Amino acid sequence: MIKIRLARLGAKKKPIYRVVVADVRNARNNGRPVATIGQYDPAKSLSEALTVDTEAALEWLGKGAQPTDTIRSLFKRAGIMAQFEASKK
């Protein structure tokens, strides 16, 4: 199964996350992700924190990739889940 999830980068106590599409059988930071579609910096304000290639995210969601709970909530705030739901109808 393919999931859209966060991979941790950055220094100790100053995390930055990449939004990656990866196989669930691989560890979070080990192994090569299928695709990298954006990044998330929790230290920034909400509007600047998430930068995602929306087209790529919608494409992977359309192919059946399952977002983790955290990614789902971030995508809801960014409006990506609403676009995906609208495209399904």
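Values for this structure:
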read-out: Yes/no for Ala27 being in a strand (DSSP E or B), small (Gly, Ala, Ser) and either modelled with pLDDT under 95 or open to solvent by less than 70 Å² (accessible area, probe 1.4 Å) (or both); value: no
read-out: Residues of the stretch 2-15 classified as assigned to a loop (DSSP other than H, G, I, E, B) and on the phi < 0 side of the Ramachandran plot, total; value: 1
read-out: Filter result for the condition that a residue is touching a residue at least 40 places away in the same chain (Cβ under 8 Å) and either among the small types (Gly, Ala, Ser) or closer than 11 Å to Tyr17 by Cα (or both), over Ala35, Ala65; value: Ala65
read-out: Candidate set from the stretch 33-68 (those that are of a type in the set (Ser, Thr, Tyr) and surrounded by fewer than 18 Cβ atoms within 10 Å (Cβ to Cβ)); member that is modelled with the lowest pLDDT; value: Ser47
read-out: Pairs, first surrounded by 19 or more Cβ atoms within 10 Å (Cβ to Cβ) in the stretch 69-89, second in a helix (DSSP H, G or I) and among the small types (Gly, Ala, Ser), C-beta under 6 Å, six or more apart; value: Ile80/Ala57
read-out: Meets criteria (in contact (Cβ under 8 Å) with a residue 12 or more places away in the chain, within 16 Å of Thr70 (Cβ to Cβ), open to solvent by 80 Å² or more (accessible area, probe 1.4 Å) and not in a loop (DSSP other than H, G, I, E, B)) for Arg18; value: yes
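The values are calculated or read from the model by the stated rules, or taken from the named source; none is laboratory data. Values in this document were obtained by computation on a predicted structure and should not be read as measured data. Glycine also receives a Cβ, built like all others from the backbone with ideal geometry; neighbour counts cover every protein chain displayed. Each accessible area value is taken on the protein alone, full model and side chains, heavy atoms only, with ligands, DNA and RNA left out. Shrake-Rupley method; radii C 1.70, N 1.55, O 1.52, S 1.80 Å.
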